[in-house]
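To keep things clear, I will list the structure first and then write my remarks on it.
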Amino acid sequence: MLYLITYDVPSTKAGDRRRARLAKHLEGLALRVQFSVFEMEAPPERLPGILANLEPLLDAKEDSLRIYPLCGACAGRAIHLGRKALYEHGPLLWW
């Protein structure tokens, strides 16, 4: 399953630290396609574990993280204009 992950973290000293930790963690899981947007390929059964690892990186009162599942047909109809993803990496392997 393809997931679109987005986040919004305030631009404060503490928020900047949380944002950096969150981005670094997501870069290990997903393809960064915009500064606060990632695309992740993962089996649905892995999502609870991924969420459990992401939740402690957020301040529930100030930050927002959203994960949208995209079916193959929907992902195939995505429209892209402009430059490609910020970072490219190979397929993720899950075991």
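Odds and ends about this structure:
- Tilt relative to the chain, helix 13-27 - C-alpha long axis, 0 to 90 degrees, to 10: 20
- Label selected from (i) 29, 18, 14; (ii) 22, 16, 12; (iii) 28, 25, 9, the criterion being semi-axes √(5λ) of the Cα gyration tensor in Å as computed here: (ii)
- Phi-derived couplings, Karplus 6.51 cos²θ - 1.76 cosθ + 1.60 at θ = phi - 60°, listed residue by residue for the range 59-74: 9, 4, 8, 10, 9, 9, 10, 10, 10, 10, x, 10, 5, x, 5, 5 Hz, with x used for Gly and Pro.
Any read-out appearing in this document is the output of simple, stated calculations on the displayed coordinates, not a laboratory observation. Because the structure is predicted, anything quoted here is derived from the model rather than measured.
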